[in-house]
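Pasting a structure here, questions to come.
The values are calculated or read from the model by the stated rules, or taken from the named source; none is laboratory data. Owing to the predicted nature of the structure, the values given are computational and were not obtained by experimental measurement. Note that we place each Cβ from the backbone using ideal geometry, even for glycine, and neighbour counts take in every protein chain shown.
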Amino acid sequence: MAKAAAQRAAARPGVTLAWRFPEALVGRGTRLLTQQCWYWGCDVRRPAGNLLIAHGFTRTRPPADVAGSTLYTYTPAPETQIVLWSFGVFIGRESCGGLFLERFRFEPYLLETSALPPSIWQQQGLPPLHRPREADRARTAALLSDLIAWIVAYEEALPRSEGAAYREACLRQWSRQRLALPADRLIPGWRALADGIATDVDPG
């Protein structure tokens, strides 16, 4: 019945249906992103100093009279921006606009802007978001590919500076052990997710 209703809606002029990834892929992405956000929090709290700042991020705290999350902004390449908060992550590229992921749900939202000002402290402060449509599949996949490639590169660099046991120590501090992937499975997990996204967008 739901499928038939969707087909009828799609047939009506002016009606555009949202497109989304299969639930299995969303579940895998959610598990990875939730653990990754915990890791970034550990990097911020690192006793020897903030690792995000050491890796080139700029930290901007909210004003004293404003409730919200500190934000971290990074430019990994010309015309590309990554922003991290406690509630999610943004990536923007001038040719593609922007994409936002909530911390606990790997379902992308698109933005028309590719760069955010350093003055957004809550999710409600983001510019207008919308679910990807069928025509947005390639754009969504391109932005997620860029984000995952950066995450993998960031994680691959850590053992060289922090030692192989650093992420294992981060993982032991996490209260959500039943959700956790082994520390050495995170990077392969991100790579497999990237492959799954590419296959879903272009089955070939």
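So if I check each of 139, 103, 93, which one is touching a residue at least 40 places away in the same chain (Cβ under 8 Å), under 23 Å from residue 70 (Cα atoms) and in contact with a Cys (Cβ under 6 Å, 6 or more places away or on another chain)?
The unique qualifying residue is 103.
Search the range 137-179 for residues being assigned to a helix (DSSP H, G or I) and of a type in the set (S, T, N, Q), and hand back the single one that is farthest from residue 89 (Cα to Cα).
Top of the filtered list is 161.
If the requirement is being surrounded by fewer than 19 Cβ atoms within 10 Å (Cβ to Cβ), among the hydrophobic types (A, V, I, L, M, F, W, C) and closer than 21 Å to residue 152 by Cα, which of these qualifies: 89, 26, 66?
Checking each option against the conditions leaves just 26.
Within the range 119-136, count every residue that is in contact (Cβ under 8 Å) with a residue 40 or more places away in the chain, loosely packed, with under 13 Cβ neighbours inside 10 Å and in a loop (DSSP other than H, G, I, E, B).
1
One residue is enough: does the range 100-108 have a residue meeting the conditions at pLDDT 95 or above, more than 13 Å from the chain's Cα centre (by Cα) and surrounded by 14 or more Cβ atoms within 10 Å (Cβ to Cβ)?
Looking through the range 100-108, none of the residues is at pLDDT 95 or above, more than 13 Å from the chain's Cα centre (by Cα) and surrounded by 14 or more Cβ atoms within 10 Å (Cβ to Cβ).
Name the single residue that is nearest to residue 169 (Cα to Cα) among those in the range 38-52 being surrounded by 14 or more Cβ atoms within 10 Å (Cβ to Cβ) and of a type in the set (A, V, I, L, M, F, W, C).
Top of the filtered list is 42.
Residue check: is residue 90 within 15 Å of the chain's Cα centre (by Cα) and modelled with pLDDT under 95?
Taking the combined requirement at face value, the residue does not satisfy it.
Additional query: Inspect all residues belonging to the range 79-86 and state whether any of them is at pLDDT below 90, surrounded by fewer than 19 Cβ atoms within 10 Å (Cβ to Cβ) and either in contact with a strand residue (DSSP E or B) (Cβ under 8 Å, 6 or more places away or on another chain) or not basic (Lys, Arg) (or both).
no
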